[in-house]
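Since the structure comes first, as structure tokens, the remarks are kept for the end.
Values in this text are rule-based calculations from the coordinates and carry no lab data. Quick caveat: nothing in here was measured; it's all calculated off a predicted structure. With ideal geometry, Cβ positions are generated from the backbone for all residues, glycine too; neighbour counts draw on all protein chains shown.
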Amino acid sequence: MIEIKDLSFSYGRKDLFQEMDLTLQPGNIYGLLGLNGAGKSTLLKLMTGLLFPTEGTLTTLGYDPAKRDPGLLSKLFVLPEELNIPGMTDREYVRVRAPFYPGFDHDRLDRYLQEFDLPRERKLTTLSYGQKKKFLLSFGLACNASLVLLDEPTNGLDIPSKGLFRRLIAETLTDEQIFIISTHQVRDVEALIDPIVILHEGTVLFNQTLAQVTSHIRISHSTTRPDSHAEGLLYCEPTVGGFSAVWKDENATDGQVDLEVLFKSVIASPETISSLFEAGRVEA
């Protein structure tokens with residue numbers, strides 16, 4: 001579990017987070033969404049002890065991440081957006097890094113590397129960006145870490161690899177693990193992430209499961225613009241071939257959510273959207 005209470009963080013005189021509360025539970029693949037500069041990467045660094053809160057408390061898997069305890073480090077894997085990969089072969093990398101993870105599965109790693117069709121026995125620095133990303137994803141999933149943090153994991157992946165990435169993540173998750181996927185590429189992972197956490201203006205604006213979303217709102221796509229005064233209309237935007245709209249609908253049952261449209265509606269009308277979920281809010 002990750003527990004954040006009254007957390008504040010600043011870059012110099014610039015406040016980023018103010019009194020943030022958030023609880024993340026095992027057995028979930030959280031989608032961490034937000035505009036550029038909302039603090040998604042910063043929040044991941046706070047969770048792993050690479051940055052420190054100015055106020056409040058944060059515990060990761062029962063540890064204070066700021067202490068960088070070996071017990072915590074052996075339970076987490078982080079894939080940053082900007083890769084910093086050493087000039088060694090894949091086998092050398094595994095020989096050096098795998099012992100830090102007690103549950104590392106070498107057979108699983110070999111299977112992942114084969115499925116991604118990655119070359120072996122080459123220096124990792126000679127690989128393309130996409131190949132480096134696939135290697136680190138494979139290594140990270142083979143670690144059996146309790147907490148897996150993926151920052152823009154689909155950047156650099158081709159279309160078949162994105163599909164394989166989604167399948168491997170879904171296959172790997174256990175009830176004891178927390179996955180957090182921070183991304184702008186919502187379309188790449190919208191069939192995978194649940195619950196959805198949206199950061200905006202220094203706070204957690206939205207933290208809901210897809211089941212909770214579909215029990216309160218409905219998203220429609222039509223060729224004509226809905227009447228702006230139509231009952232239940234919360235948000236509308238033009239899209240290719242027509243218009244997408246978000247409606248208040250307590251009887252919505254189709255379970256289909258367009259995450260890009262949902263995200264835009266939350267950012268555009270935070271108080272209106274959030275008020276719909278007060279009664280059934282995910283613990284945050």
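Hey, any hits in the range 82-105 for a residue that's buried (at least 16 other Cβ atoms within 10 Å of the Cβ) and among the basic types (Lys, Arg)? Taking every residue of the range 82-105 in turn, none turns out to be buried (at least 16 other Cβ atoms within 10 Å of the Cβ) and among the basic types (Lys, Arg). Scanning the range 74-105 for residues that are part of a helix (DSSP H, G or I) and of a type in the set (Phe, Trp, Tyr) turns up Tyr93, Phe100.
So in the range 19-73, with the set limited to residues that are surrounded by 16 or more Cβ atoms within 10 Å (Cβ to Cβ) and assigned to a loop (DSSP other than H, G, I, E, B), which one is farthest from the chain's Cα centre (by Cα)? Across the range 19-73, the extreme among qualifying residues is Asp69.
Let's see how each residue does on (1) within 25 Å of Gly103 (Cβ to Cβ); (2) touching a strand residue (DSSP E or B) at 6+ places or on another chain (Cβ under 9 Å):
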| site | (1), (2) |
| --- | --- |
| Ser138 | yes, no |
| Leu157 | no, no |
| Leu168 | yes, no |
| Leu173 | yes, yes |
| Glu176 | yes, no |
| Val186 | no, yes |
| Leu205 | no, yes |
| Ser220 | no, yes |
| Asp227 | no, yes |
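Among the residues examined, Glu121 qualifies as touching a residue at least 24 places away in the same chain (Cβ under 8 Å) and at positive phi.
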